[in-house]
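The values are calculated or read from the model by the stated rules, or taken from the named source; none is laboratory data. Owing to the predicted nature of the structure, the values given are computational and were not obtained by experimental measurement. Using ideal geometry, Cβ is built from the backbone for each residue, glycine included, and neighbour counts are taken over all protein chains shown.
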Amino acid sequence: MADKEKNFISAVIYVHNAEEQIETFLRTVAETLEDHFEHAEIICVNDHSTDRSIERIKEFSREEAAFSITVLNMSYFHGLEMAMNAGVDLAIGDFVFEFDVPVSDFAQEEIMKVYYRSLEGYDIVSASPDRSERISSRLFYRTFHYFTDLPYKMETESFRILSRRVINRISSMNKTIPYRKAVYAGSGLKTDHMKYHADSSVKNHTDRKEKGYRSRLAVDSLILFTEMGYRLSVMMAALMMAITVLMVVYSVVIYMTASPVAGWTTTILFLSVAFLGLFGVLSVIIKYLQLLVDLVFRRKHYSFESVEKLTK
């Protein structure tokens with residue numbers, strides 16, 4: 001290709017026990033970058049793989065790679081989010097591709113479609129396969145969207161591109177990013193989502209450790225980035241307070257209309273009032289915890305989409 005893109009592109013690839021698919025995936029990414037960009041780099045984040053993934057990457061780098069390939073070896077298994085944060089921190093590109101799974105179920109031109117879409121003014125452009133999501137994924141995203149006020153609707157994504165502007169903003173907003181997609185969605189910058197036709201014959205292989213990590217990540221994300229935990233806690237506290245009030249009324253009615261055992265009414269009233277106060281204090285504590293979560297993870301800094309300077 002005569003006229004190649006001038007922007008420096010970084011491709012960050014998550015690798016964990018992916019020896020069966022990493023070579024094919026690297027070839028897809030490397031050939032795309034070589035054909036369309038003058039300057040690029042590939043960063044493979046090795047999240048403590050125990051198979052021959054790294055050997056396959058090194059073989060590809062010696063025999064076929066035209067651009068620099070860097071392997072970032074994590075000291076132990078960190079999981080997708082922390083490992084990808086490390087890779088993005090190492091990247092120096094004007095635009096950074098994040099490949100969460102090294103699965104080549106898309107055509108090479110899909111990578112460029114996402115890139116060209118970002119040049120139209122979108123700081124974050126993600127791509128998802130057109131096949132149906134798993135039931136667990138659908139349930140997670142529906143729950144997430146119901147309990148959050150984020151305008152951007154997330155779904156299962158294979159890869160995305162980030163502008164340098166969004167990376168800088170995210171770095172200033174949060175020191176740690178437990179769930180990148182939620183932070184990206186709340187960054188205030190323009191986002192877009194694209195679908196690609198997925199090759200159904202290509203499967204993603206994940207081991208038990210990675211599956212367990214993703215399940216824990218889903219629960220943590222619902223607690224940190226939505227109001228689900230707060231709403232459920234308040235509902236439970238309100239329910240218990242209502243039951244406590246009913247117990248007070250019940251004990252008074254029994255005292256007035258029956259002959260309870262000596263000390264029974266006093267004991268029930270004391271316990272009811274004590275529990276009423278306890279649940280009231282818990283409601284305040286829950287509110288404070290929700291405020292802390294908002295300040296640290298969700299609304300630590302103001303966000304804006306763009307700045308327009310108007311002159312006469």
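Couple of notes before you dig in:
- Checking Met112, Met154 one by one, the residue that is over 15 Å from Phe25 (Cα atoms) and within 21 Å of the chain's Cα centre (by Cα) is Met154 and no other.
- For segment 2-18, the condition holds for at least one residue, the condition being that it is in a strand (DSSP E or B) and either among the hydroxyl-bearing types (Ser, Thr, Tyr) or at positive phi (or both).
- Residue within segment 34-43 that is under 27 Å from Arg169 (Cα atoms), under 23 Å from the mean Cα position of the chain (by Cα) and either in the same structural domain as Ser200 (by TED's automatic domain parsing) or modelled with pLDDT under 90 (or both) present: yes
- Residue count for segment 19-68, restricted to those that are in contact with a strand residue (DSSP E or B) (Cβ under 7 Å, 6 or more places away or on another chain), surrounded by 14 or more Cβ atoms within 10 Å (Cβ to Cβ) and of a type in the set (S, T, N, Q): 4.
One line per residue, one yes/no per condition, for (1) over 30 Å from Tyr230 (Cβ atoms); (2) not hydrophobic (A, V, I, L, M, F, W, C):
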{"position": "Ile243", "(1), (2)": "no, no"}
{"position": "Val249", "(1), (2)": "no, no"}
{"position": "Ile254", "(1), (2)": "yes, no"}
{"position": "Gly277", "(1), (2)": "no, yes"}
{"position": "Val281", "(1), (2)": "no, no"}
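- Any hit, segment 269-285, residues being outside any helix (DSSP H, G or I) and either surrounded by 11 or more Cβ atoms within 10 Å (Cβ to Cβ) or of a type outside the set (A, V, I, L, M) (or both): no
- Given (1) under 25 Å from the mean Cα position of the chain (by Cα); (2) modelled with pLDDT of 90 or more, number of the condition Gly79 does not satisfy: (2)
The rows are residues; the columns are (1) touching a helix residue (DSSP H, G or I) at 6+ places or on another chain (Cβ under 8 Å); (2) within 15 Å of Ser10 (Cα to Cα); (3) crowded, with 18+ Cβ neighbours inside 10 Å.
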residue: Glu81; (1), (2), (3): yes, no, yes
residue: Val88; (1), (2), (3): yes, yes, yes
residue: Asp94; (1), (2), (3): yes, yes, no
residue: Phe97; (1), (2), (3): yes, yes, yes
residue: Pro102; (1), (2), (3): yes, no, yes
residue: Ala107; (1), (2), (3): no, no, no
residue: Met112; (1), (2), (3): yes, yes, no
residue: Arg117; (1), (2), (3): no, no, no
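- Residue within segment 226-246 that is touching a residue at least 60 places away in the same chain (Cβ under 8 Å) and among the hydroxyl-bearing types (Ser, Thr, Tyr) present: yes
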